[in-house]
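The values are calculated or read from the model by the stated rules, or taken from the named source; none is laboratory data. It should be emphasised that the depicted structure is a prediction, and the values quoted were computed from it without experimental measurement. Note: ideal-geometry Cβ built from the backbone for every residue, glycine included; neighbour counts use all protein chains shown.
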Amino acid sequence: MIYLLVIGTVVSTTLSFWFYRRGLTLVAEQKATKELEKRLFPNGEKQRNDVLMTMKVITNNRFSVPLMLDYFFKIKGLQVINLNDPVNFWVKKYLLSPTKMRLNYFEQVKFYETFLNYPEVIGKVMSRNRTSRDINKPSKIYNKNSSLTKNFA
């Protein structure tokens with residue numbers, strides 16, 4: 001009788017640990033990719049296919065489509081979604097997990113050059129004082145034309 005209790009405890013602990021490590025990741029991936037696809041590909045399937053073709057050219061067709069989408073969702077999702085705002089738990093968990101594929105240095109540079117301003121940010125962003133403001137209005141905090149370097153004499 002005690003053996004059954006011990007075996008049951010071990011099995012339940014093992015399943016709980018597996019679900020915590022792998023199961024939550026799988027659930028987060030399924031739920032977050034739907035949300036990210038809506039945000040990153042507002043024009044639908046054609047826009048998604050264009051991005052995938054560009055990624056195939058960058059990586060010389062070394063990776064599969066799910067791996068390239070995972071990389072794109074995580075890198076661009078972190079740039080587009082402000083994690084300080086209220087964000088879906090599954091999206092946050094997915095975005096903060098590591099990517100499944102690794103690009104070499106030159107592929108990473110080409111990726112960032114290609115997708116630097118993709119997608120165009122629409123709507124509001126958070127400023128330093130935690131109030132939302134319109135992106136299209138110029139401000140002292142976010143000025144594309146200002147120089148980031150200071151001249152010291």
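A few notes on this one:
- Elements of the type helices (runs of 4 or more DSSP H) sitting completely within the range 1-92 and holding at least 3 residues that are under 19 Å from P119 (Cα atoms) and aromatic (F, W, Y): these cover 65-80.
- Taking the criterion of being free of Cβ contacts under 8 Å to residues at least 40 places away in the same chain and either more than 20 Å from K76 (Cα to Cα) or among the charged types (D, E, K, R) (or both), the residues of the range 27-59 that qualify are K34, E37, K38, E45, K46, R48, D50, K56.
- Some residue of the range 74-91 being in contact with a Ser or Thr (Cβ under 8 Å, 6 or more places away or on another chain) and of a type in the set (K, R): yes
- Test set (1) farther than 29 Å from T25 by Cα; (2) at pLDDT 50 or above; (3) part of a loop (DSSP other than H, G, I, E, B) - T99 fails condition number: (1)
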